[in-house]
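Supplied in structure tokens, the structure appears directly below.
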Amino acid sequence: MLNIVLYEPEIPANTGNIGRTCVATNTRLHLIEPLGFKLNEKALRRAGMDYWSDLDVATYIDFQDFLEKNPEAKIYMATTKAAKVYTEVQYEPDCYIMFGKESAGIPEEILVGHKENCVRIPMVGDIRSLNLGNSVSVILYEALRQNQFAGMSLEGHLHHLNWNEL
């Protein structure tokens, strides 16, 4: 099972979208506090996260707590400061892919300790970054592709379609 790690996420809608993606891909979500929102039932309902009960999610009080509870974790860190593109690494089936908070990313003091596992999504120009939910989807689906989309439905079926009506 792949793992997505959000370092101090600030925007509930982004975390909600990422949570939905994790449910759809059987990916575990790890949230490193502090969060920019509350994870109570009322807040989740207001954000339209009715699938949250289906999500495999863990929370941690800080990055050190995350490391202590996941000592064997192979962590890739998504950052605009990386030298490698996200497609240049081989994602293990149980690896962790970490993303920073919307306003500042992953702190450099954390990045320097994992420099060889930092990856970036290529962009044109001086745009700061992609939306957090989009970034998670891009890299997560590359990791899933590399692992042959293990356990996922690979084909869909059209129902009750009359091709003459098209």
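Does the stretch 1-24 hold any residues that are over 16 Å from residue 98 (Cβ atoms) and open to solvent by 10 Å² or more (accessible area, probe 1.4 Å), and which are they?
Selection gives 11, 12, 13, 17, 20, 23, 24.
Now for a separate question. Give me the pairs: first residue in the stretch 56-72 and under 17 Å from residue 1 (Cα atoms) and touching a residue at least 12 places away in the same chain (Cβ under 8 Å), second residue open to solvent by 30 Å² or more (accessible area, probe 1.4 Å) and of a type in the set (Val, Ile, Thr), beta-carbon distance under 9 Å, and six or more apart or on different chains, which are they?
Sorted first by the residue in the stretch 56-72, then by its partner, the pairs are 56/23.
In this structure, does residue 59 turn out to be out of contact with any Pro (no Cβ under 7 Å at 6 or more places or on another chain), among the β-branched types (Val, Ile, Thr) and within 18 Å of residue 11 (Cα to Cα)?
Taking the combined requirement at face value, the residue satisfies it.
From (1) free of Cβ contacts under 8 Å to residues at least 60 places away in the same chain; (2) open to solvent by 60 Å² or more (accessible area, probe 1.4 Å); (3) not hydrophobic (A, V, I, L, M, F, W, C), pick out the condition that doesn't hold for residue 103.
Just one mismatch for residue 103, condition (1).
Looking at 58, 83, 73, can you tell me which residue is open to solvent by 50 Å² or more (accessible area, probe 1.4 Å) and on the phi < 0 side of the Ramachandran plot?
Just one listed residue meets the conditions, 83.
Can you tell me which of (1) in a loop (DSSP other than H, G, I, E, B); (2) modelled with pLDDT of 95 or more; (3) not aromatic (Phe, Trp, Tyr) is the one residue 36 doesn't meet?
(2)
The values are calculated or read from the model by the stated rules, or taken from the named source; none is laboratory data. The structure presented is a predicted model; accordingly, all values stated were derived computationally and were not measured. With ideal geometry, Cβ positions are generated from the backbone for all residues, glycine too; neighbour counts draw on all protein chains shown. Note: accessible area is taken over every heavy atom of the protein model, side chains too, but ligands, DNA and RNA are not part of it. Shrake-Rupley method; radii C 1.70, N 1.55, O 1.52, S 1.80 Å.
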